[in-house]
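In what follows, a single structure is set out as structure tokens and then discussed.
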Amino acid sequence: MKTFKKYIIIGVLLFIAQTIFAQGPEPVEMADALRQSGKIYVVVGVLAIIFLGIVVYLVSIDRKLGKLEKEIKEKR
Amino acid sequence: MRNMKKNWWKIVAVIFILYVIIAGFLMPVPTLPILHETIRNLYFHVTMWFGMIIILMVSLIYSIKYLSKQKNEYDIVASEAANVGLFFGVLGITTGMLWANFTWGSWWVNDPKLNGAAITLLIYLAYFVLRGSIDDEEKRAKVSAVYNIFAYVMLIVFVGILPRLTDSLHPGNGGNPGFGKYDLDNNMRLVFYPAIIGWTLLGVWIMSLRIRMKKLQIEKLEN
């Protein structure tokens, strides 16, 4: 009985939400709520890690090239 | 990092891009229909093109320098800069297609800006075909330097002028020059300008690596 009541309440709330949504000019949907509860920080973190990985990779290439340049210079 | 004095700009590039990744996602942006959160692509898609145009300008300058001084080093810089510029352009057109699909509803529309960008990339692709087809070093350097000047003029015409003369879906065209609509927002400026500097410097870094690699290759061939 309790769960039944719950479903009715949810149904009514959903109906109200729908009618409210249908009224007035549609608001532009942004990810405001998503940023609070949608774990967007995780994506930012992933991107930051990927970028830092690329940077580490570039630095290692940079150093290897520097070493090669030094070796060639010393050879002469 | 012993060469801090020489490499400071690489650190600037990394810090700026890291800032752009974090602030670009989390700072408030104007709420506009159709665009929604994709307006944040301004920090990533648009900056690819800005980086491309700046790096290709480096290529142009070194082509002109080569024609006046005939130094082999200038030819190397010009070709490697064109290479990185083309890479940025490919990234720009790919990200633009993705963006277009979810805002305009199609991967490609017959739009002067889009077609102009595609033609420009093909022109720069032809630069490398041209270089690959000439064996004689001096001849290759001279012909490709002249072609590179032509290519940059075409870039300005196809990306900068023609789309502005007609109507275009793409912002910043068709009697609507500049980025006025977005750029008016000072919050976006705070991220957009560092984004241009950061991505461009990253391109210059990759370019410098390629130049050094090329020089080593040439040195190896000579010895």
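Per this entry, B:ASN223 is not counted among residues that are modelled with pLDDT under 80 and within 30 Å of B:MET27 (Cβ to Cβ). For segment B:71-100: of the residues being more than 21 Å from the chain's Cα centre (by Cα) and in a helix (DSSP H, G or I), which is surrounded by the fewest Cβ atoms within 10 Å (Cβ to Cβ)? In this case the residue turns out to be B:ASN72.
Which of the residues spanning segment A:48-74 are within 8 Å of chain B (Cβ to nearest Cβ) and either outside any helix (DSSP H, G or I) or more than 14 Å from B:TRP205 (Cβ to Cβ) (or both)? Residues satisfying the conditions are A:ALA48, A:LEU52, A:LEU68, A:GLU69, A:ILE72. Criterion first (β-branched (Val, Ile, Thr), over 12 Å from B:ASN187 (Cα atoms) and touching a Ser or Thr at 6+ places or on another chain (Cβ under 9 Å)) does B:ILE61 satisfy it? When the stated conditions are applied, B:ILE61 does not pass them. Would you mind stating whether B:LEU209 is at pLDDT 90 or above, part of a helix (DSSP H, G or I) and either in contact with a helix residue (DSSP H, G or I) (Cβ under 6 Å, 6 or more places away or on another chain) or among the β-branched types (Val, Ile, Thr) (or both)? So B:LEU209 passes the test. Within the set B:THR31, B:THR47, B:THR103, the sole residue that is crowded, with 16+ Cβ neighbours inside 10 Å and within 14 Å of chain A (Cβ to nearest Cβ) turns out to be B:THR47.
When B:SER59, B:SER68, B:SER63 are checked against the criterion of being free of Cβ contacts under 8 Å to residues at least 60 places away in the same chain, closer than 23 Å to B:ASN148 by Cα and either of a type outside the set (Asp, Glu) or surrounded by fewer than 20 Cβ atoms within 10 Å (Cβ to Cβ) (or both), B:SER68 stands alone in meeting it.
Scanning segment B:107-134 for residues that are at pLDDT 95 or above and among the charged types (D, E, K, R) gives a single hit, B:ARG131.
Listed here are the residues, each with its yes/no results for (1) more than 14 Å from every other protein chain (Cβ to nearest Cβ); (2) among the hydrophobic types (A, V, I, L, M, F, W, C); (3) under 22 Å from the mean Cα position of the chain (by Cα); (4) not in a helix (DSSP H, G or I).
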residue: B:VAL20; (1), (2), (3), (4): no, yes, yes, no
residue: B:ASN41; (1), (2), (3), (4): no, no, yes, no
residue: B:LEU60; (1), (2), (3), (4): yes, yes, yes, no
residue: B:ILE64; (1), (2), (3), (4): yes, yes, yes, no
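Close Cβ contacts (under 9 Å, 6 or more residues apart or on different chains) running from residues in segment B:192-219 that are at positive phi and facing chain A (nearest Cβ under 10 Å) to residues that are assigned to a helix (DSSP H, G or I) and surrounded by fewer than 18 Cβ atoms within 10 Å (Cβ to Cβ) are absent. In segment B:4-29, the residues that are over 16 Å from B:TRP199 (Cα atoms) reach residues that are loosely packed, with under 13 Cβ neighbours inside 10 Å with C-beta atoms within less than 6 angstrom, at least six apart or across chains, in these pairs: B:MET27/B:ASN187; B:PRO28/B:ASN187.
The values are calculated or read from the model by the stated rules, or taken from the named source; none is laboratory data. A quick note: this is a predicted structure, and the numbers were derived from the prediction, not measured. Every residue, glycine among them, receives a Cβ derived from its backbone with ideal geometry; neighbour counts consider all protein chains shown.
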